[in-house]
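One structure below.
The values are calculated or read from the model by the stated rules, or taken from the named source; none is laboratory data. Computed from a prediction, not measured in an experiment: that's the story for all the values here. As a convention, Cβ positions derive from the backbone with ideal geometry for all residues, glycine included, and neighbour counts pool all protein chains shown. In case anyone asks, the SASA skips ligands and DNA or RNA and just uses the protein heavy atoms, side chains included. Shrake-Rupley method; radii C 1.70, N 1.55, O 1.52, S 1.80 Å.
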Amino acid sequence: MRQKTRRVPILAVWMVVAVPAFGHTQEDFEAMLPQPTAEHRKLTAEVGTWDATITSSMNGPGQPPTVSKGVETNRMMGELWLISEFEGDFGGMPFQGHSQIGFDPKAGHYVMSWVDTMNPRLATHAGSYDPDSKTFTFQGKAFDPMLDKEVDQKTTSTLTDKDHKVFTLFMKAPEYGDDWVEFMKIEYTRRQE
């Protein structure tokens, strides 16, 4: 006759192993969470609603630029992430974009991700901040729909004063030459709310 083996219920194992890990006080838990750094605090200068004038050369280098309007709304998610929502139009077509910007203390640089309604690919960039010029610079790869491939991309965002900033988008690809080519400039004015 086969002897029945006694199984220990999974829930019982979970109770013995996992539950003590949750025995921390709220103060213990808060002390374990990452704390915002000076780099995170720099992001708060971007919070608010910004009216944008967009000068775009997205039709390619040497083509006449187009000018359009947009609105960017920025908020902090907690004290670690700047969340940005952009709405405007390019070439008469409605456009929406979304970014997340934070600082990775382990890597020692800023991180940014971007998605929009004209591109099926996520762009991620690493960045730095220059306190003298008050400029964020991000660099990475991005999909260029005109070339149907990934290209090098660089962005700069300079706070010219507390209510004005200038964003510039550059791309580099053999098809555009050897240097960074400016594809877009956005001049922002903060709404007084």
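Observations
- Sub-9 Å Cβ pairs linking a first residue in region 152-167 that is without any contact (Cβ under 8 Å) to a residue 60 or more places away in the chain to a second residue that is among the aromatic types (Phe, Trp, Tyr) and part of a loop (DSSP other than H, G, I, E, B), at least 6 apart or interchain, are ASP152/TRP180; LYS154/TRP180, ordered by first then second residue.
- Qualifying positions in region 92-113 - touching a Ser or Thr at 6+ places or on another chain (Cβ under 9 Å), without any contact (Cβ under 8 Å) to a residue 24 or more places away in the chain and in a strand (DSSP E or B): PRO94, GLN96, GLY97, HIS98, SER99, GLN100, HIS109, VAL111, SER113
- Filtered residues of region 31-56 (kept if out of contact with any Lys or Arg (no Cβ under 9 Å at 6 or more places or on another chain), outside any helix (DSSP H, G or I) and either under 21 Å from GLY97 (Cβ atoms) or without any contact (Cβ under 8 Å) to a residue 60 or more places away in the chain (or both)): LEU33, GLN35, PRO36
- THR5 being open to solvent by 100 Å² or more (accessible area, probe 1.4 Å) and either modelled with pLDDT under 95 or in a strand (DSSP E or B) (or both): yes
- For GLU39, the criteria (1) more than 19 Å from PHE136 (Cα to Cα); (2) at pLDDT 95 or above; (3) acidic (Asp, Glu) hold in every case but one, which is (1).
- Filter result for PRO34 (farther than 30 Å from ASP178 by Cβ and either open to solvent by 50 Å² or more (accessible area, probe 1.4 Å) or modelled with pLDDT under 95 (or both)): yes
- Output for region 57-91, where each listed residue is under 20 Å from the mean Cα position of the chain (by Cα) and part of a loop (DSSP other than H, G, I, E, B): GLY78, GLU79, LEU80
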